[in-house]
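The values are calculated or read from the model by the stated rules, or taken from the named source; none is laboratory data. Being a predicted model, the structure only gives us computed values, none of them experimental. No Cβ is skipped: glycine too gets one built from the backbone with ideal geometry, and neighbour counts run over all protein chains shown.
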Amino acid sequence: MAVLVTGSAGHLGEALMRTLRARGHPAHGIDRNSSAFTDMTGSITDRGFVRQSVGGVRTLIHAATLHKPHVETHGNRDFLDVNVAGTLNLLEEAVAAGVERFIFTSTTSAFGAALTPDAGAPAAWITEQLPPVPRNIYGVTKVAAEGLCELFARQSNLSVIVLRTSRFFPESDDDAAVRGRYSLDNVQANEMLYRRVELADAVEAHLLAIETAPAVRFARYILSASTPFTPADLPALRSDAAGVVARLFPAFAELYRQRGWTMFPGIDRVYVNAKARQELGWRPVCDFQYVLDCLATGRDWRSPLAAAVGSKGYHDRGFGQQPYPAA
């Protein structure tokens, strides 16, 4: 069964292509940038290019997108063209070509303002039932693209799965205050508690979605590492995250002290992956306990796949001393 991967030169796209090829699946990659995993170079905004790309394909994984770090360097029209019109091109041409499964990589950023509770409120418990409240053009266009996916699932024979992924990129945080206070490894270890998924686990969820799509027809799933927290932890997490983590993981404080790391003072949201685990059969390997186990034994908690893909960045130019343009 031929698989087409959009965004094959990106983090997730390359990881998908590497894994599909390693497992013997006929996979083809498209991207606006050339790479060892890109078979055709072009833009999903080009309807003719999309039509040419989907021929003979039965499964399409749509990972190409303009991301949140592009908000300061691209206009609203760019986001609409790529994230909405590009997705529409893919959906329409997929239906015309007889594609059976369409896996759309969305983002937990779609929840937007719903992720940050009012001051003094408990941390937010984020499940698929929470209505999105986009707070930038990135979120708006990803929610719109999700809506197109749902429409086509209802009106055609296309089975569609939407995967709202949390952070899996290896680059520095786009928040300058976070970059200034914490090391990159410290930040990403902390995030495994509530808002990050390891790249190999994200890939596995996409492949499971391919298998599940025909029976599901349409569904949305949150992809994030399995959190150790429960709703009862949410009030304390907002004001004393370190205290909650120390109670759940007695070895955490010493392992962090040895590295000069610190926990964030508060955590404002917790992504819940229960639906993906239950309905997709997803079993993410990497969680915070796995991170601590790796720290204790001197291993890198990141997968060999993540190491092979490496860091790609989001922009084709630099911004002085900063990895991102100033907001």
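Miscellaneous remarks
- One residue from VAL54, VAL99 being β-branched (Val, Ile, Thr), in contact with an Asp or Glu (Cβ under 7 Å, 6 or more places away or on another chain) and crowded, with 22+ Cβ neighbours inside 10 Å: VAL54
- When restricted to residues that are in contact with a Phe, Trp or Tyr (Cβ under 8 Å, 6 or more places away or on another chain) and surrounded by fewer than 17 Cβ atoms within 10 Å (Cβ to Cβ), segment 250-264 contains 1.
- Exactly one residue among THR65, THR19 is β-branched (Val, Ile, Thr) and farther than 19 Å from THR141 by Cα, and that residue is THR19.
- Checking the stated criteria, ARG51 turns out not to satisfy the condition of being free of Cβ contacts under 8 Å to residues at least 12 places away in the same chain, more than 17 Å from ALA27 (Cβ to Cβ) and either in contact with a strand residue (DSSP E or B) (Cβ under 8 Å, 6 or more places away or on another chain) or among the charged types (D, E, K, R) (or both).
- Number of residues in segment 64-118 that are acidic (Asp, Glu) and farther than 15 Å from SER159 by Cα: the value is 4.
- Residues considered: CYS294, CYS286. Of these, the only one that is closer than 22 Å to ALA200 by Cβ, at pLDDT 95 or above and assigned to a helix (DSSP H, G or I) is CYS294.
- The residue of segment 208-249 that is farthest from the chain's Cα centre (by Cα), among those that are acidic (Asp, Glu) and surrounded by fewer than 21 Cβ atoms within 10 Å (Cβ to Cβ), is ASP240.
- Subset of segment 180-202 (residues that are charged (D, E, K, R) and without any contact (Cβ under 8 Å) to a residue 40 or more places away in the chain): ARG181, GLU191, ARG196
- Beta carbons closer than 9 Å, at least 6 apart along the sequence or on distinct chains, pair a first residue in segment 211-224 that is at negative phi with a second that is surrounded by fewer than 19 Cβ atoms within 10 Å (Cβ to Cβ) and of a type in the set (A, V, I, L, M) for ILE222/ALA274.
- Filter result (assigned to a helix (DSSP H, G or I), of a type in the set (Val, Ile, Thr) and out of contact with any strand residue (DSSP E or B) (no Cβ under 7 Å at 6 or more places or on another chain)) within segment 213-254: VAL244, VAL245
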